[in-house]
1. Check whether at least one residue in the range 83-96 is touching a helix residue (DSSP H, G or I) at 6+ places or on another chain (Cβ under 9 Å), charged (D, E, K, R) and assigned to a helix (DSSP H, G or I), and report yes or no.
2. Please determine, by comparing only the residues of the range 97-132 that are in a strand (DSSP E or B) and near the ligand (Cβ under 8 Å from one of its atoms), which one is surrounded by the most Cβ atoms within 10 Å (Cβ to Cβ).
3. Show me the strands (runs of 3 or more DSSP E) entirely contained within the range 133-206 in which 1 or more residues are more than 10 Å from the ligand (Cβ to nearest atom), under 26 Å from residue 69 (Cβ atoms) and hydroxyl-bearing (Ser, Thr, Tyr).
4. If you go through the range 213-228, how many residues are out of contact with any Leu (no Cβ under 6 Å at 6 or more places or on another chain) and either part of a strand (DSSP E or B) or modelled with pLDDT under 95 (or both)?
5. Would you say residue 38 is surrounded by fewer than 19 Cβ atoms within 10 Å (Cβ to Cβ), at pLDDT below 50 and at positive phi?
6. State all residues of the range 87-96 that are within 10 Å of the ligand (Cβ to nearest atom) and either of a type outside the set (Val, Ile, Thr) or within 14 Å of residue 63 (Cα to Cα) (or both); if no residue qualifies, say none.
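The values are calculated or read from the model by the stated rules, or taken from the named source; none is laboratory data. What you see is a predicted model; the values in this text were computed from it and never measured. FYI the Cβ positions are ideal-geometry reconstructions off the backbone, even for glycines, and counts take in every protein chain you see.
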Amino acid sequence: MTESRRAHFPARLPGAADIAQAAVKAAPKPAAAPAARGHGLDSDAVRARMVERLRALGGMEPAALAAMQAVPRHLFIEPALAAQAYLDNALPIGHGQTISKPSVVARCASVLLQALGARPARLLEIGTGCGYQAAVLSHIAGEVYSVERIRALHELARSNLRALRLANLRLLFGDGSGGLQAGAPYDAVLSAAAADTPPDAWLAQLRPGGVLLAPIGRPQRLMAYRRHASGKVESWCVEDAHFVPLKSGLV
Ligand code: SAH
């Protein structure tokens, strides 16, 4: 653990445990991303049009839309697909996984903000993938932990995120089926991978009043769960969902 990491997280540092931790460290920002050149994707106006389409869907939180405007999605997509970056598509990121659709990322962020009534101070994402949603979440939460079980994707996310210099985002390589005890308790847990039932650890690692948002069941539904101080768990369905499955073990 370096002093610079300690400076960002003085109170509750994750233990080393069996999880390899990689903070997204500051690095010189390139003048322009190579994938953006020639596509016109580096223009804020391209992203602003996507944000307007998201706003038109209704029910989106202003802070979530601002986060969607702030994060350049084309930097998370391989150059051959970059022209599709601001369409409402899930796109392949390798290893049989996909980057979530912008409307799904914006909806999840909005639901969490609405359910909590405030910015989450501490949020856990299960399934970093290419790191896009983690970057969006870092704009709406105080601290974000994101865990990924496929090492190559964990490394891809690190590389994608380096230039964005998001000091409040921690990427971890590990199996998120058991949550991440090191950062608990969380105000919010958000899973980008679907489970048959919500793993107990995800609920147990919420603070009282905290909210879990996850795709659950077959057919999948995006489900929200609030853990009350009494231990009672209240749940509600947000919408139908189509996420990749939650898997166990490391790859
Ligand atoms: N958050 C991504 C979406 C990635 S797709 C985005 O920004 O678009 C879902 C991810 O969940 C995949 O990368 C998959 O490998 C990961 N995943 C599945 N099961 C997991 C588990 N048990 N622990 C951690 N990550 C898991």
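1. no
2. Initially, the range 97-132 is screened for residues in a strand (DSSP E or B), giving 97-99, 122-126.
Now narrow it down to the ones that are near the ligand (Cβ under 8 Å from one of its atoms): 97-99, 125-126.
On the way: 97: 20, 98: 17, 99: 23, 125: 29, 126: 27.
Going through the qualifying residues, I end up with 125.
3. Numbers: elements: 143-148, 169-173, 186-191.
Correct list: 143-148, 186-191.
4. Step one: list which residues in the range 213-228 are out of contact with any Leu (no Cβ under 6 Å at 6 or more places or on another chain), which gives 214, 216-223, 226, 228.
From what's left, either part of a strand (DSSP E or B) or modelled with pLDDT under 95 (or both): 214, 216, 221-223, 226.
Adding up the residues that qualify gives 6.
5. Values: surrounded by fewer than 19 Cβ atoms within 10 Å (Cβ to Cβ): yes; at pLDDT below 50: yes; at positive phi: yes.
Yes, satisfied.
6. At the first step, the residues of the range 87-96 found to be within 10 Å of the ligand (Cβ to nearest atom) are 90-91, 93-96.
Hits for the range 87-96 are 90, 91, 94, 95, 96.
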